[in-house]
Amino acid sequence: NAGVTQTPKFQVLKTGQSMTLQCAQDMNHNSMYWYRQDPGMGLRLIYYSASEGTTDKGEVPNGYNVSRLNKREFSLRLESAAPSQTSVYFCASASSGNTIYFGEGSWLTVV
Amino acid sequence: AQRVTQPEKLLSVFKGAPVELKCNYSYSGSPELFWYVQYSRQRLQLLLRHISRESIKGFTADLNKGETSFHLKKPFAQEEDSAMYYCALSSAGGGSNYKLTFGKGTLLTVNP
């Protein structure tokens, strides 16, 4: 089972460049999430989508945009990358049962 | 606002020793609490959730509403338990419009 798949796994960007992290889930989940993981900070929610066509800000949304393209896909876009956005990004999805399933992570470095 | 606190960033024990990873929360509603584990450079995976009241890999956790705690315990730690552990709280009781709030994590190292 693929579960939650996110791409790319590794990316190096220059300050000011833009990029999109892609995420797809094959579990027919309504809710999808983007988290960032930083040392000593745990996981912080960037944006989430409770259902297709809706998105909401999480704890640290500044500098990011998201698109819930359809029920399967939820992308995260950095319009103008900054070194502070160097992090590991995790996409996740959940059913109404509240169990959240995570992707394998995307390591992003902004230089 | 909900908050999850894991007071220990690092915890080191010897193999066979008991281990307890602490988690305290603040939430005005009825909480749903979880423990997630992340082995080295792997994805986070659900370890257990309080409503299941089950034991996974020898770990248990009891929700104590009086002390607002959800500590993770294992009587005899194994080297393969070495990982990062995150306590998490769900902000809504059921439905699809909910999100998890995570603690900052505790890195458990089990020494031989």
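What to note about this one:
- First in the range B:32-50 and touching a residue at least 40 places away in the same chain (Cβ under 8 Å) and at positive phi, second anywhere and crowded, with 16+ Cβ neighbours inside 10 Å and part of a loop (DSSP other than H, G, I, E, B), Cβ under 7 Å, 6 or more apart: none
- Only one entry in B:ALA83, B:ALA61, B:ALA77, B:ALA88 is closer than 19 Å to A:GLY103 by Cα, surrounded by 12 or more Cβ atoms within 10 Å (Cβ to Cβ), of a type in the set (Gly, Ala, Ser) and more than 10 Å from chain A (Cβ to nearest Cβ), namely B:ALA83.
- Residue match in the range A:88-109 (condition: over 15 Å from the mean Cα position of the chain (by Cα), farther than 23 Å from B:TYR85 by Cα and without any contact (Cβ under 8 Å) to a residue 60 or more places away in the chain): no
- Residues in the range A:19-38 that are within 11 Å of the chain's Cα centre (by Cα), within 10 Å of chain B (Cβ to nearest Cβ) and either crowded, with 23+ Cβ neighbours inside 10 Å or modelled with pLDDT of 95 or more (or both): A:TYR33, A:TYR35.
- In the range A:47-69, the residue that is nearest to A:ALA94 (Cα to Cα) out of those that are surrounded by fewer than 22 Cβ atoms within 10 Å (Cβ to Cβ) and aliphatic (A, V, I, L, M) is A:ALA50.
- Count of residues meeting criterion [surrounded by 15 or more Cβ atoms within 10 Å (Cβ to Cβ), of a type outside the set (A, V, I, L, M, F, W, C) and either within 12 Å of another protein chain (Cβ to nearest Cβ) or touching a helix residue (DSSP H, G or I) at 6+ places or on another chain (Cβ under 6 Å) (or both)] in the range B:1-32: 4
- Selection from the range B:35-85 of residues that are of a type in the set (Val, Ile, Thr) and either modelled with pLDDT of 90 or more or not in a strand (DSSP E or B) (or both): B:VAL37, B:ILE51, B:THR60, B:THR68
- Selection of the range A:39-48 for residues being more than 9 Å from chain B (Cβ to nearest Cβ) and part of a loop (DSSP other than H, G, I, E, B) yields only A:PRO39.
The values are calculated or read from the model by the stated rules, or taken from the named source; none is laboratory data. On a predicted model such as this, the values are computed, not experimentally measured, just so you know. Methodologically, a virtual Cβ is constructed for each residue, glycine included, from the backbone with ideal geometry; neighbour enumeration extends over all protein chains shown.
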